[in-house]
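Visitor: Would you mind keeping the following structure in view while I ask a few things?
The values are calculated or read from the model by the stated rules, or taken from the named source; none is laboratory data. Predicted model only: the values in this text are computed from it and were never measured. Here Cβ is always computed from backbone atoms with ideal geometry, including for glycine, and neighbour counts include all displayed protein chains. For the accessible areas, the whole protein counts, side chains as well, though only heavy atoms, and no ligand, DNA or RNA atoms are used. Shrake-Rupley method; radii C 1.70, N 1.55, O 1.52, S 1.80 Å.
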Amino acid sequence: MDAHQSHHTAQETRQLVAHYLLHPRDRAARRLVTRMSGETAVMVAVSPLTLVDMSLMAWRNIAMLDRIAALYGLQLGYASRLRLFREVLRNMAFAGASEMISDAGMDLLSMNLAAKLSARAGQGLGAGLLTARLGLRAMRTIRPIAFEGDEQPRLADLRREVWQQLRRLDDRAEPR
């Protein structure tokens, strides 16, 4: 790294590493998390079957973890992979439980098509946010140097982007 000089302190060296090496990877990882959580949200919102929802979430979450690790140039160790895999299992359980509750509620209340689509969009949003949360946790786990206070990406920022993707899907589904 050409920017590093012998007179730099440890804190200055950390800042240089973060600026030149980690920030570009952080931006790429954030884009990846946003894209994959949005795609997961749309897939869950469109998918009609519980088992398909759970499988989609597991597949997308594991793929996202591997891609984030590749972005940072690291391989997950056994303990880190196990910890993150438990989150994948929780996400799968959420997808399955919310699907069954949603279906039971729609059957009991005999909702119309628009209400069913909105419920599916809400379910997709929940799945997308869980995927985004997992992605942010993976970034914190995999990143070689911990985020400083204001550097750390927040779920609230990703929530808006995932919601916008679902709104576009919901707008296309409504009859005009």
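Visitor: What residue, of Ala70, Ala45, Ala63, is among the small types (Gly, Ala, Ser) and open to solvent by 70 Å² or more (accessible area, probe 1.4 Å)? Outline the logic, then answer.
Guide: Numbers: Ala45 fails: open to solvent by 70 Å² or more (accessible area, probe 1.4 Å); Ala63 fails: open to solvent by 70 Å² or more (accessible area, probe 1.4 Å).
Answer to the check: Ala70.
Visitor: Only one of Ala119, Ala114 is surrounded by 13 or more Cβ atoms within 10 Å (Cβ to Cβ), assigned to a helix (DSSP H, G or I), at pLDDT below 70 and not charged (D, E, K, R). Can you tell me which?
Guide: So the residue among Ala119, Ala114 that is surrounded by 13 or more Cβ atoms within 10 Å (Cβ to Cβ), assigned to a helix (DSSP H, G or I), at pLDDT below 70 and not charged (D, E, K, R) is Ala119.
Visitor: I would also like to ask the following. Please verify whether Gly77 is on the phi > 0 side of the Ramachandran plot and either surrounded by fewer than 14 Cβ atoms within 10 Å (Cβ to Cβ) or modelled with pLDDT of 90 or more (or both), treating the condition exactly as stated.
Guide: Working: on the phi > 0 side of the Ramachandran plot: no; either surrounded by fewer than 14 Cβ atoms within 10 Å (Cβ to Cβ) or modelled with pLDDT of 90 or more (or both): yes.
No.
Visitor: Let me ask something additional. What's the number of the only condition in (1) modelled with pLDDT under 75; (2) surrounded by fewer than 15 Cβ atoms within 10 Å (Cβ to Cβ) that Met106 fails to meet?
Guide: Result: Met106 passes all but (2).
Visitor: Do the conditions hold for Thr50, that is, is it at pLDDT 85 or above and on the phi < 0 side of the Ramachandran plot?
Guide: no
Visitor: How many residues are at pLDDT 55 or above and more than 18 Å from Leu129 (Cα to Cα) if we restrict to the range 80-103?
Guide: Residues that pass the stated criteria total 4.
Visitor: Could you tell me how many of the residues in the range 135-166 are more than 14 Å from Met64 (Cβ to Cβ), among the aliphatic types (A, V, I, L, M) and touching a residue at least 12 places away in the same chain (Cβ under 8 Å)?
Guide: Residues in the range 135-166 being more than 14 Å from Met64 (Cβ to Cβ), among the aliphatic types (A, V, I, L, M) and touching a residue at least 12 places away in the same chain (Cβ under 8 Å): 3 in total.
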